[in-house]
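What follows is a set of notes on a single structure, which appears directly below.
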Amino acid sequence: MAQTTPNHTQTVSGWAAHDSSGKMTPYVFKRRENGVNDVTIKVLYCGMCHTDLHHVRNDWGITMYPCVPGHEITGLITKVGKDVAKFKVGDKVGVGCLAASCLNCEFCKTSQENYCDQIQFTYNGIFWDGSVTYGGYSKMLVADQRYVVRVPENLPMDAAAPMLCAGITVYSPMKDSNLLDSTTSSKKVGIIGLGGLGHVGVKFAKAFGHHVTIISTSPSKEKEAKNRLGADDFIVSTDPSQMKAKVRTLDFILDTVSAHHSLGPYLELLKVEGTLHIVGAPDKPMDLPAFPLIFGKRTVKGSMTGGMIETQEMMDMCGKYNITCDIEMVTPDQINEALQRLANNDVRYRFVIDIAGKE
């Protein structure tokens, strides 16, 4: 493992954390030359994910400093390698969580690269050449074409950026449960949590023609859920009477919450043979009582992001239905303030860094 190799000759400016304080400061580093399968991307925008916060503060004990975060990247291609056929200079593109995989396992061969056991991420990973990967909190990125997607022309590049993580994270479970087309049967979909993931989940589920119920601990979010995002129903999960009234009413529940919680009360909301799909990642084990499972023949499963074909499909679907994230734009000098607000859940619903600025 090395931070760079002799092939890392391009000087790039970005922003990095250097220790577990998580404080971000300007950082100049080297990126590799554009290879035959690579594209060079001028970064325009980069979304701020909760994962970024965990990494810069080393919450998971795996951070390699200096850490340049960012895996919700949109920009313009400025150079293409000689073997690149999918893209050309000037294309609007995005880069999400994945930087490299083995290319040979059953998951890579079926475009489920995100489940390859040798997966390396856009930052805090180890690339094929042994170098540490640096993410989108930077002016420029070099990426293998296999891990780049096209951004539809009608989507704004700033609000499209978080879809490279938040979007695919909620789209993949819906596809997995055959929720992309309601022409045969509209379903009752529940979404636990109305945050960065949850609000995108509402948009997808409504676009796909389903009845959407938000399940939240915050009664104050009901008006926004229904009036602005188009949710059909709202359940305050801390109100036993509301929870009891909705027992066995939902076909599918998407759990986006990262705080510790018991799955039992939510499983009771599912119909017989319903599915609860987890995409939030609490740092402590969740309570999973047996009885709601076995008495309802219910399924609990989970997933992380998605493969590259699926990610492109998701972006194309966003173009078709004009789906983007609700964002709050910040400038690079506001990154530390935004990270602290992110830690306090004080954002509606995703921060996006204006990397290029007036450029």
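The values are calculated or read from the model by the stated rules, or taken from the named source; none is laboratory data. Quick caveat: nothing in here was measured; it's all calculated off a predicted structure. Cβ placement follows ideal geometry from the backbone for every residue including glycine, while neighbour counts extend to all protein chains displayed. Protein only, heavy atoms only, side chains kept; ligands, DNA and RNA dropped before computing areas. Shrake-Rupley method; radii C 1.70, N 1.55, O 1.52, S 1.80 Å.
Table for the structure above
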item: Hits in region 328-357 (condition: in a loop (DSSP other than H, G, I, E, B), open to solvent by 20 Å² or more (accessible area, probe 1.4 Å) and modelled with pLDDT of 95 or more); result: THR331
item: Number of the exception - GLN118 against (1) free of Cβ contacts under 8 Å to residues at least 40 places away in the same chain; (2) open to solvent by 30 Å² or more (accessible area, probe 1.4 Å); (3) under 16 Å from VAL142 (Cα atoms); result: (3)
item: Residue selected from region 226-257 under the condition of a type in the set (Ser, Thr, Tyr) and either touching a residue at least 24 places away in the same chain (Cβ under 8 Å) or open to solvent by less than 30 Å² (accessible area, probe 1.4 Å) (or both), by the criterion nearest to ILE215 (Cα to Cα); result: SER237
item: Sole exception among (1) touching a Lys or Arg at 6+ places or on another chain (Cβ under 7 Å); (2) closer than 30 Å to GLN112 by Cβ for VAL347, by number; result: (2)
item: Test: residue in region 207-217 that is over 23 Å from PRO173 (Cβ atoms), open to solvent by 50 Å² or more (accessible area, probe 1.4 Å) and modelled with pLDDT of 95 or more; result: no
item: Conditions (1) over 24 Å from LYS42 (Cα atoms); (2) at pLDDT 95 or above; number of the one not met by THR183; result: (2)
item: Residue count for region 69-103, restricted to those that are farther than 23 Å from GLY167 by Cβ and either in contact with a His (Cβ under 6 Å, 6 or more places away or on another chain) or not in a strand (DSSP E or B) (or both); result: 10
item: Any hit, region 79-92, residues being touching a residue at least 40 places away in the same chain (Cβ under 8 Å) and in contact with a Cys (Cβ under 7 Å, 6 or more places away or on another chain); result: no
item: Residue identified as within 26 Å of GLU328 (Cα to Cα) and of a type outside the set (Val, Ile, Thr) among GLY264, GLY198, GLY274; result: GLY198
item: Segments classed as strands (runs of 3 or more DSSP E), wholly inside region 160-247, with at least 1 members that are within 30 Å of VAL93 (Cα to Cα) and not acidic (Asp, Glu); result: 188-192
item: TYR134, sole failed condition from (1) open to solvent by 50 Å² or more (accessible area, probe 1.4 Å); (2) in contact (Cβ under 8 Å) with a residue 24 or more places away in the chain; result: (1)
item: Condition met for ASP283 (open to solvent by 20 Å² or more (accessible area, probe 1.4 Å) and more than 23 Å from the chain's Cα centre (by Cα)); result: no
item: Subset of region 1-39 [hydroxyl-bearing (Ser, Thr, Tyr), in a strand (DSSP E or B) and loosely packed, with under 14 Cβ neighbours inside 10 Å]; result: THR9, THR11, SER13, THR25
item: Count of region 300-327 residues which are in a strand (DSSP E or B) and open to solvent by 60 Å² or more (accessible area, probe 1.4 Å); result: 1
item: Leading residue by the ranking (nearest to ALA17 (Cα to Cα)) among those in region 41-54 that are open to solvent by less than 10 Å² (accessible area, probe 1.4 Å) and in a strand (DSSP E or B); result: MET48
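For (1) touching an Asp or Glu at 6+ places or on another chain (Cβ under 9 Å); (2) farther than 17 Å from PHE351 by Cα; (3) in contact (Cβ under 8 Å) with a residue 40 or more places away in the chain, each residue gets a yes or a no:
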site	(1), (2), (3)
SER20	yes, yes, yes
PHE29	no, yes, yes
GLY47	yes, no, yes
HIS55	no, no, yes
